[in-house]
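The values are calculated or read from the model by the stated rules, or taken from the named source; none is laboratory data. This is a predicted model, so every value here is computed, not measured. Every residue, glycine as well, gets a Cβ built from its backbone with ideal geometry; the counts of neighbours run over all protein chains shown.
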Amino acid sequence: MERTLVLLKPDAVDRGLVGEIMHRFERVGLKIVGLKMVQAEQGHAERHYTEDLAVRRGQHVRDMMISMLMEGPVVALCLEGIDSVELVRKMVGGTEPKAAAPGTIRGDYSHMSFKHSDEKKIGIYNLIHASSSAPEAEQEIAVWFKPEEMVDHAPLYTKRTIPE
Ligand code: ADP
């Protein structure tokens with residue numbers, strides 16, 4: 001079992017897609033073990049979009065994404081399941097919505113291109129963040145949840161006894 005962090009970014013909340021996106025994760029059997037709505041402040045957004053993003057994508061992208069994360073509330077989810085990091089990334093789809101495969105969350109609900117975001121000098125609106133590795137998930141879960149905010153619960157089927 002593995003845990004991963006998902007953020008429904010301000011554009012997802014703004015567009016009223018919270019329920020629909022959460023439904024997809026529930027449908028595949030991922031278990032919600034953490035759930036909250038947060039209006040992030042500067043320091044919080046900086047802890048989420050770390051220096052690593054500046055190294056990979058450029059300082060300007062990190063700055064834009066920190067601002068975008070604060071544009072409105074986000075919904076933070078901690079999901080648990082088998083290889084959940086990989087599964088959730090697959091369901092979320094590629095970074096650029098224009099190129100994200102149909103059937104993925106980004107591919108089905110957004111369409112912005114890198115070209116458009118460059119021209120407008122804005123970050124890519126792609127609805128959702130998902131941890132990209134198990135170590136990143138562990139670090140990101142700690143950014144959004146205190147240990148006591150996580151709810152550990154077993155699926156009902158694991159509690160059933162097998163008749164002899
Ligand atoms: P992902 O969220 O797919 O893991 P990254 O971690 O590389 O992608 O980037 C974080 C977020 O920054 C992306 O989800 C996207 O919203 C935005 N972003 C990444 N690269 C660019 C770019 N070149 N121009 C504008 N926004 C970008």
Being hydrophobic (A, V, I, L, M, F, W, C) and buried (at least 20 other Cβ atoms within 10 Å of the Cβ) is true for just one of 61, 85, 33. Which residue is that? 85
Select from segment 92-127 the residues that are surrounded by 15 or more Cβ atoms within 10 Å (Cβ to Cβ) and of a type in the set (Asp, Glu) and write down the one among them that is nearest to the ligand (Cβ to nearest atom). 96
Return only the number of the condition from (1) in a helix (DSSP H, G or I); (2) within 13 Å of the chain's Cα centre (by Cα); (3) more than 14 Å from residue 76 (Cβ to Cβ) that residue 132 does not satisfy. (1)
Filter result (within 28 Å of residue 152 (Cβ to Cβ) and β-branched (Val, Ile, Thr)) within segment 26-64: 28, 32, 33, 38, 50
Subset tally (residues that are under 20 Å from residue 141 (Cα atoms), charged (D, E, K, R) and within 10 Å of the ligand (Cβ to nearest atom)) for segment 48-69: 2
Within segment 35-46, is there a residue that is within 14 Å of the chain's Cα centre (by Cα), within 14 Å of the ligand (Cβ to nearest atom), at pLDDT 95 or above and under 29 Å from residue 146 (Cβ atoms)? yes
Being in contact with a helix residue (DSSP H, G or I) (Cβ under 6 Å, 6 or more places away or on another chain) and either touching a residue at least 24 places away in the same chain (Cβ under 8 Å) or closer than 14 Å to residue 27 by Cα (or both) is the filter here; which residues of segment 92-103 pass it? 92, 96, 97, 100
